[in-house]
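Below is one structure, written out as structure tokens; the observations come after it.
The values are calculated or read from the model by the stated rules, or taken from the named source; none is laboratory data. What you are looking at is a predicted structure, and each value in this text was computed from that prediction instead of being measured. Heads up, the Cβs are rebuilt from the backbone with ideal geometry, glycines too, and the neighbour counts pull from every protein chain shown. Heads up: the accessible areas ignore ligands, DNA and RNA and are worked out on the full protein's heavy atoms, side chains in. Shrake-Rupley method; radii C 1.70, N 1.55, O 1.52, S 1.80 Å.
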Amino acid sequence: MFLRGTCGKYKSYLCAMNKRVRVRFAPSPTGGLHLGGVRTVLFNYLFAKKHGGDFILRIEDTDQSRFVPGAEEYILQTLNWCGLTPDESPLAGGPYAPYRQSERKAMYKQYATQLIDAGHAYIAFDTPAEIEEMRNNFKTPENPSPQYNQAVRAKMRNSLSLSKEEVDALLVANTPHVVRIKMPDNEDVTFTDMIRGEVSFNTSQVDDKVLLKADGMPTYHLAVVVDDYLMKISHAFRGEEWLPSAPVHLLLWKYLGWANDMPQWAHLPLILKPDGNGKLSKRDGDRLGFPVFAMDWTDPKTNEKNTGFKEHGFLPEAFVNLLAVLGWNDGTDQELFSITDLIEKFSMERVHKGGAKFNYEKAKWFNAEWIKNADNAYLASLVQPYFEEAGIQVQDKSYLEKIIGITKERCILLPDFIIQAGFYFAAPTSIDTASIAPKWDDNKKNFFEALCSAFENSNSNDPTILENIFKELTATQGLKPGELMLPMRIMLVGGKFGPGVFEIAATIGVADAVARIKHALTLL
RNA sequence: GGAGCGUUCGUCUAACGGUUAGGACCUCAGGUUUUCAUCCUGGUAAUACGGGUUCGAUUCCCGUACGCUCUACCA
């Protein structure tokens with residue numbers, strides 16, 4: 001399928017060929033990045049890389065009251081962890097710097113002025129209290145939230161309702177004011193969304209959005225259009241929650257005289273909470289026992305902590321993979337995709353329209369698959385920090401890699417290696433004697449004592465030899481091997497899990513195995 | 001309230017007018033593993049509803065229901 005939509009009077013795919021692909025992720029630094037945010041990053045990144053274009057990070061910090069220290073650094077770190085590093089950003093710089101809107105403040109005013117001069121915007125002096133009053137006055141059961149629109153703007157204090165002298169006087173007096181877009185009365189604004197196809201709004205339904213705030217900062221609406229234009233953005237992807245304000249942006253592109261340069265839009269479906277309905281929020285994660293943020297995030301103002309996929313033990317490759325297929329697929333049964341695969345196969349047209357409920361069980365499945373298929377040395381580097389935290393000493397790196405190779409298929413999350421592989425590095429600290437005790441008797445005790453001697457005498461680290469010793473001994477003592485395997489396993493690893501007992505004994509060394517058995521015998 | 005967007009197994013999805021509606025997760029039943037996990041085999045389970053259009057609708061159109069998003073000097 002070709003890219004749909006029009007770009008000026010030309011078909012979009014012609015534009016796409018002529019215009020360098022430049023996309024941006026434009027978060028406001030108000031907190032950690034959650035699943036939906038990272039997926040938006042991912043789709044932007046994939047689209048850019050697929051078309052040999054640029055991926056830009058632009059920080060939309062026009063609202064000082066919501067600014068959260070550390071959030072920008074967190075976003076950068078998250079993108080790095082995911083391997084979705086932007087080509088241009090506040091950190092990396094680039095030809096269209098600065099990439100923080102607060103640092104671009106001076107650039108926006110001239111465009112607001114241009115809009116006023118052209119009659120597409122006006123100055124409004126209404127105080128918050130006056131607007132509040134208007135809303136109360138016009139509120140009816142049928143219209144619970146009246147808008148500042150063509151129906152009421154004549155009754156408010158603005159450059160449309162006031163005389164030029166009054167306006168000038170107010171301006172000279174430094175009266176706080178905003179700039180609002182003047183929405184046309186009854187005009188259909190239609191555009192083609194790459195995911196949804198043709199989408200249409202009537203301007204009578206949208207209000208006169210504030211473009212420039214009283215503090216001189218632009219609102220999102222003005223800033224996004226100006227910056228996308230100035231930064232030569234070719235495709236603009238954002239969450240579905242932006243769809244209703246798309247007509248404002250469309251009109252702005254037109255009024256500013258940039259219609260032919262307008263990016264193609266795609267509004268991404270939302271990620272929904274697993275239980276009930278509604279968009280996934282940061283509160284859902286830890287409430288339901290899974291992370292929603294990419295990495296741990298603690299809000300410096302509230303001290304509220306949200307855990308992250310990284311710290312829960314997800315591989316970045318798995319995280320990216322599971323995000324990619326949340327609302328997108330390549331049309332085949334393939335579910336496991338590397339980033340290279342994704343870049344090759346991604347297409348915006350195959351993104352789903354409907355929102356997707358997040359399913360943590362499936363997310364873990366992706367991680368388990370990635371762990372099973374991952375390179376041992378790579379896994380070792382990721383597991384090491386968890387071992388250090390758990391107090392597990394690793395002397396020999398190649399030994400660690402070997403152990404990871406034989407235990408990785410039993411691990412779903414990285415911390416699982418602590419249990420599944422920890423006993424290869426140190427004797428278990430707790431031994432599940434409760435599972436041995438009920439059937440424990442002197443015959444078994446004697447057997448294990450004899451086994452220790454036999455093992456010591458053999459001085460062998462060959463699993464087959466150890467198994468033969470074990471079986472011969474059970475035979476001579478008239479015992480069933482099956483009744484002794486489980487106790488031995490528990491003595492070696494601490495519980496009912498792990499690879500074959502003789503493989504374990506051989507791997508940790510017969511001396512260590514004997515020591516563990518002897519220690520366990522003191523507990524029974 | 002209004003506007004917009006959406007709706008296939010419990011969940012994520014495939015099927016761009018013709019399939020016994022496919023796959024994956026979950027779950028269930030077997031098998032392998034003298035443990036656990038992996039792995040293998042198999043099962044249950046879906047086109048929201050009502051009208052059209054059509055020889056034929058999951059697919060196109062209309063309506064209804066339901067859900068979501070927006071309706072801030074927040075993004």
Scan region A:119-135 residue by residue and report those that are open to solvent by 60 Å² or more (accessible area, probe 1.4 Å) and more than 12 Å from RNA strand B (Cβ to nearest atom). A:Glu133
Take A:Leu342 and tell me if it is under 22 Å from A:Asn80 (Cα atoms) and part of a loop (DSSP other than H, G, I, E, B). no
Subset of region A:305-326, residues buried (at least 21 other Cβ atoms within 10 Å of the Cβ) and either in a strand (DSSP E or B) or touching a Lys or Arg at 6+ places or on another chain (Cβ under 6 Å) (or both), comes to A:Gly308, A:Leu323
Could you say which residue among A:Phe47, A:Phe55, A:Phe43 is assigned to a strand (DSSP E or B) and either closer than 30 Å to A:Leu382 by Cβ or within 16 Å of RNA strand B (Cβ to nearest atom) (or both)? A:Phe55
Which residue out of A:Phe358, A:Phe425, A:Phe387 is within 30 Å of A:Lys279 (Cβ to Cβ) and in contact (Cβ under 8 Å) with a residue 24 or more places away in the chain? A:Phe358
Is one or more of the residues making up region A:346-358 within 8 Å of RNA strand B (Cβ to nearest atom), over 28 Å from A:Ile418 (Cβ atoms) and among the aliphatic types (A, V, I, L, M)? yes
Pairs please, first residue from region A:130-145 and of a type in the set (Val, Ile, Thr), second anywhere and near RNA strand B (Cβ under 9 Å from one of its atoms) and assigned to a loop (DSSP other than H, G, I, E, B), Cβ atoms under 7 Å, 6+ apart in sequence or on different chains. A:Ile131/A:Tyr148
All-but-one check, A:His177 against (1) free of Cβ contacts under 8 Å to residues at least 60 places away in the same chain; (2) crowded, with 17+ Cβ neighbours inside 10 Å; (3) more than 9 Å from RNA strand B (Cβ to nearest atom), failing number (3)
Would you pick out the residues in region A:97-109 that are part of a loop (DSSP other than H, G, I, E, B) and buried (at least 18 other Cβ atoms within 10 Å of the Cβ)? A:Tyr99
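Residues are listed down the side, and each one gets a yes or a no for (1) surrounded by fewer than 13 Cβ atoms within 10 Å (Cβ to Cβ); (2) of a type in the set (Val, Ile, Thr); (3) assigned by TED's automatic domain parsing to the domain that holds A:Leu492; (4) under 14 Å from A:Leu315 (Cα atoms):
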position: A:Ala380; (1), (2), (3), (4): no, no, no, yes
position: A:Val383; (1), (2), (3), (4): no, yes, no, yes
position: A:Gly391; (1), (2), (3), (4): yes, no, no, no
position: A:Lys397; (1), (2), (3), (4): yes, no, no, no
position: A:Leu400; (1), (2), (3), (4): no, no, no, no
position: A:Gly405; (1), (2), (3), (4): no, no, no, no
position: A:Lys408; (1), (2), (3), (4): no, no, no, yes
position: A:Ile412; (1), (2), (3), (4): no, yes, no, yes
position: A:Phe417; (1), (2), (3), (4): no, no, no, yes
Can you name the residue in region A:214-245 that is in a helix (DSSP H, G or I) and more than 8 Å from RNA strand B (Cβ to nearest atom) and, of all such residues, is most open to solvent (accessible area, probe 1.4 Å)? A:Tyr229
Within 30 Å of A:Lys301 (Cα to Cα) and either in contact (Cβ under 8 Å) with a residue 40 or more places away in the chain or within 12 Å of RNA strand B (Cβ to nearest atom) (or both): is that true of A:Gln64 in this structure? yes
Quick check, is A:Phe497 buried (at least 20 other Cβ atoms within 10 Å of the Cβ) and of a type outside the set (Val, Ile, Thr)? no
Mind checking which residues of region A:435-474 are without any contact (Cβ under 8 Å) to a residue 12 or more places away in the chain and either near RNA strand B (Cβ under 10 Å from one of its atoms) or outside the structural domain of A:Thr507 (by TED's automatic domain parsing) (or both)? A:Lys471
Residues in region A:189-202: is at least one open to solvent by 40 Å² or more (accessible area, probe 1.4 Å) and part of a helix (DSSP H, G or I)? no
Being hydroxyl-bearing (Ser, Thr, Tyr) and at pLDDT below 95 is the filter here, so list the residues in region A:113-167 that pass it. A:Thr140, A:Ser145
Residues located in region A:252-285, provided they are in a loop (DSSP other than H, G, I, E, B) and away from RNA strand B (no atom under 11 Å from the Cβ): A:Leu256, A:Gly257, A:Trp258, A:Met262, A:Pro263
Looking at A:Ala505, is it touching an Asp or Glu at 6+ places or on another chain (Cβ under 9 Å), modelled with pLDDT of 95 or more and within 16 Å of A:Phe425 (Cα to Cα)? yes
If I go through region A:1-27 residue by residue, how many of them are assigned to a loop (DSSP other than H, G, I, E, B), of a type outside the set (A, V, I, L, M) and modelled with pLDDT under 95? 6
Of the listed residues (A:Pro141, A:Pro146), the one being in contact with a helix residue (DSSP H, G or I) (Cβ under 6 Å, 6 or more places away or on another chain), within 13 Å of RNA strand B (Cβ to nearest atom) and in a loop (DSSP other than H, G, I, E, B) is A:Pro146
When residues of region A:302-339 are limited to those that are aromatic (Phe, Trp, Tyr) and more than 9 Å from RNA strand B (Cβ to nearest atom), the one nearest to A:Arg39 (Cα to Cα): A:Phe319
When the residues of region A:75-96 are filtered to those that are among the small types (Gly, Ala, Ser) and under 14 Å from A:Ile59 (Cα atoms), which remaining residue is surrounded by the most Cβ atoms within 10 Å (Cβ to Cβ)? A:Ser89
Could you tell me whether A:Lys364 is surrounded by 13 or more Cβ atoms within 10 Å (Cβ to Cβ) and touching a Lys or Arg at 6+ places or on another chain (Cβ under 9 Å)? no
